[in-house]
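J.: Questions regarding the structure given below will be posed in turn.
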Amino acid sequence: MSYSGRYIRQTKLLSFGIDNQSKLSANKILIVGLGGLGLPIAQYLNAMGIGTLGLMDQDVVELHNLQRQILYSEDDIGKSKLKVVKEKLQGQNSNTVFKCYDTFLTKANALAIIKEFDVVVDATDNFAARYLINDACVILEKPFVYGALHGFEGQVSVFNYKKGPTYRCLFPEMPSIDEIPNCDDNGVLGVLPGIIGTLQALEVVKVITGVGEVLSGKLLLYDGLTQATQKMNFPANAINQNIKMLQDDYGFTGCEIIPTIHPEDFLALTNRETIILIDVRNPEEFDANHLDGAVNIPLSELTNAIDKIDFDKDVYLLCQSGKRSRIALNQLLAERPKSSIYHISGGMNEMASLCL
Amino acid sequence: MTILLFGVTKDIVGSPSLSIPTASITGRSVPKTVKDLRIFLGKAYPELSKLSSLAVAVNNSYAQDDQKINSYDEIALIPPVSGG
């Protein structure tokens, strides 16, 4: 496979050319997260001839991933995302060097891993990881390409590019876990991460080659419902560019370690008599409909009722959408950190669609 | 004054945009700065004032709290979003 032939459709572009193709092959890109955003980024960068691709994820493929994570097939369910992606990408482009990290990004490993790369792509699904990536990239002076979703909307930007503004220049404080719902609780339409992820892949190419105008100091807002895009300009704030060390604590390091169970998996549990199911909705909601065996303790009363809960059993928390049960999880874990407590994502909304 | 809403602010308010008065007929004060606007919206929608970070854009540029606003400005509320 000749190099010039393989990439001829992009090297013949007048404003791209062979020189920029060489830059792609000389660069090392880390993609944090192999979900809805990470997969199109990995697939396109690999196809286009990036030299080294760092891949990081510790999840396994689950059935509910398939509606948006389109590299995975039904046969992959239960397999390590990292292994599946590496295998498929190797088949796509045998010239690429892959560095695989079977872990989530943590305070302990972030600096050592990111140091090895030229550009970092934030394809995570939680604020803790995003702020950790930001701070590590500022410390190590690496640009990072950001993409994130909410419902039918997406955001894209390039932070810390040539001393440009950082993520904290836009959003200084990390939101607490109950302020802003994540995709688990809020839902995401399958195609949205594909759109935002490919925009991120394009920004990676621009950062590496200098072609076009890098989305630095600008936040791109995309609304899938109206196909409207807007760009907001924002300046750097020197305080955020002078981070010298990581924070002591980034709170929960991700959705990944939050003990979550999906409704279909909960319904498949066979040991119902040895568990406790707590419905944290209000009594009116509970009276309207609830699962057999559920005990109603509204979220507002949960911490006062904690002594009544038998933590020797596995405790499952349920609400309408999965938002309150997650707050309840944090409250109970704060008091009983060693107990087996799970929150049921999607709540009764999703449960109803499965039961009916 | 029309305010475009993004992310969770759209969910909190329940619509993609919001119209607020710029001239006072009733004698109630109207927001003259970004800070006034934050306070005004926080009273109408207490969930908005709970957000740790909420960027306000005036005419497509990030605005500090002391920036003056008027009825011709295009304003947007931009919270962080986390999904991937």
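J.: Taking chain A as the reference, fit the longest principal axis to its C-alpha atoms, fit the long axis of helix A:38-48 to the helix C-alpha atoms, and give the angle between the two in degrees, 0 to 90, nearest 10.
T.: With rounding to tens, the tilt is 20 degrees.
J.: Determine, for B:Tyr72, A:Tyr101, the number of other Cβ atoms within 10 Å of each Cβ, and report the residues in order from fewest to most. Numbers along the way, then the final one.
T.: Details: B:Tyr72 8, A:Tyr101 17.
Ascending number of Cβ neighbours within 10 Å: B:Tyr72, A:Tyr101.
J.: Here is a further query. Measure nothing but the geometry: give the 0 to 90° angle between the long axis through the Cα atoms of A:127-140 and the longest principal axis through the Cα atoms of chain A, rounded to 10°.
T.: On a 0 to 90 degree scale, this one is about 30.
J.: Another one. Would you kindly derive the ³J(HN,Hα) couplings of the stretch A:165-172 from the backbone phi angles with the Karplus curve 6.51 cos²θ - 1.76 cosθ + 1.60 (θ = phi - 60°), listing them in order in whole Hz, with x for Gly and Pro?
T.: Going residue by residue, I get x, 10, 4, 6, 5, 8, 10, x Hz, with x marking Gly and Pro.
J.: Tally the DSSP beta bridges in the stretch B:2-78 and give the antiparallel ones as a percent, rounded to 5.
T.: Numbers: 10 of 13 bridges.
Counting DSSP beta bridges with both partners in the stretch B:2-78, the antiparallel share is about 75 percent.
J.: OK, next. Enter the Cα centre distance for the pair the stretch A:138-170 and the stretch A:282-356, rounded to the nearest angstrom.
T.: 35 Å
J.: Given H placed 1.01 Å from N in the peptide plane, which residues other than close sequence neighbours of A:Ile31 have an amide H under 5 Å from its amide H?
T.: Close amide H contacts, sequence-distant or interchain: A:Gly54, A:Leu55, A:Met56, A:Val121.
J.: In the protein assembly as shown, with Lys and Arg counted as +1 and Asp and Glu as -1 at Cβ, which of these residues, A:Leu149, A:Ser345, B:Val13, has the Cα nearest the positive end of the dipole, that is, farthest along it?
T.: Working it through, the farthest residue towards the positive pole turns out to be A:Leu149.
J.: Just need the relative contact order of chain A here, percent rounded to a whole number, with Cα pairs under 8 Å and 6+ apart. Can you show the working numbers first?
T.: On the way: 660 pairs, mean separation 50.5, N = 356.
14 percent.
J.: If I fit a long axis through the Cα atoms of helix A:191-209 and take the longest principal axis of the Cα atoms of chain A, what angle between them do I get, 0 to 90°, rounded to 10?
T.: 30 degrees
J.: When a footprinting reagent is the concern and you count Cβ atoms within 10 Å, what order do B:Phe6, A:Phe286 take, fewest first? Display every interim value, and only then the final one.
T.: Numbers: B:Phe6 24, A:Phe286 19.
Ordered by Cβ neighbours within 10 Å, fewest first: A:Phe286, B:Phe6.
J.: Tabulate in residue order the Karplus-calculated ³J(HN,Hα) for the stretch B:62-74, using 6.51 cos²θ - 1.76 cosθ + 1.60 with θ = phi - 60°, rounded to whole Hz; enter x for Gly and Pro.
T.: Ordered by residue, 3J(HN,Hα) equals 4, 10, 7, 4, 7, 5, 7, 10, 9, 5, 7, 6, 9 Hz.
J.: Another one. Go ahead and collect, in residue order, the members of the stretch A:32-70 whose backbone nitrogen is under 15 Å from a label point 7 Å along the Cα-Cβ direction of A:Ala26.
T.: Counting backbone N atoms under 15 Å from the label point, the list is A:50-52.
J.: Just the number, please: percent antiparallel of the DSSP beta bridges in the protein assembly as shown, rounded to the nearest 5.
T.: Details: 29 of 65 bridges.
The antiparallel proportion sits near 45 percent.
J.: Rounded to the nearest 0.05, what FRET efficiency do B:Asn60 and A:Asn296 give with R0 = 41 Å and r taken as the Cβ-Cβ distance? Could you check? Before the final figure, lay out each step's value.
T.: Working: r = 48 Å, r/R0 = 1.17.
With a Förster radius of 41 Å, E is 0.30.
J.: Compute the relative contact order of chain B as a whole-number percentage, counting only Cα pairs closer than 8 Å that sit 6 or more residues apart in sequence.
T.: Answer for chain B is 39 percent.
J.: Whose amide H sits under 5 Å from the amide H of A:Val295, counting only residues 5 or more places off or on another chain, with H placed in the peptide plane?
T.: Close amide H contacts, sequence-distant or interchain: A:Leu277, A:Ile278, A:Asp279.
J.: Can I ask one more? What is the spin-label model distance, in nm, from A:Asn282 to A:Leu111 if the labels are put 7 Å beyond Cα along the C-beta direction?
T.: The modelled label-to-label distance comes out at 4.9 nm.
J.: For a quick check: with amide H placed at 1.01 Å from N, whose amide H comes under 5 Å from B:Glu74's, ignoring anything fewer than 5 positions away on the same chain?
T.: B:Asn59
J.: Next question, about the same structure. Using alpha-carbon positions, what is the distance between the centroids of the stretch A:97-131 and the stretch B:52-71, in Å?
T.: The distance from the Cα centre of the stretch A:97-131 to that of the stretch B:52-71 comes to 32 Å.
J.: The protein assembly as shown: percent of C-alpha pairs farther apart than 33 Å?
T.: Working: 38771 of 96580 pairs.
Distances greater than 33 Å cover 40 percent of the Cα pairs.
J.: Cut-off is 10 Å between beta-carbons; in what order do A:Val97, A:Val85 appear when sorted fewest neighbours first?
T.: On the way: A:Val97 11, A:Val85 27.
Sorted ascending by nearby Cβ count, the order is A:Val97, A:Val85.
J.: Normalise the Cα radius of gyration of the stretch B:2-78 by 2.2 N^0.38 Å (N = residues in it) and let me know the number. Walk me through the numbers before you get to the answer.
T.: Details: Rg = 11.7 Å, N = 77, 2.2 N^0.38 = 11.5 Å.
Dividing the Cα Rg of the stretch B:2-78 by 2.2 N^0.38 Å gives 1.02.
J.: Continuing with this model, one more query. Could you work out the per residue convex hull volume over the alpha carbons of the stretch A:48-172, in cubic angstrom?
T.: Details: hull volume 15.5 nm³, N = 125.
Once divided by residue count, the hull of the stretch A:48-172 is 124 Å³.
All of the numbers you see were taken from the coordinates with simple rules; none came from a lab. Quantities reported herein were computed from a predicted structural model and do not represent experimental measurements. A quick note on method: Cβ atoms are made from the backbone with ideal geometry, for glycine too, and the neighbour counts reach across all protein chains shown.
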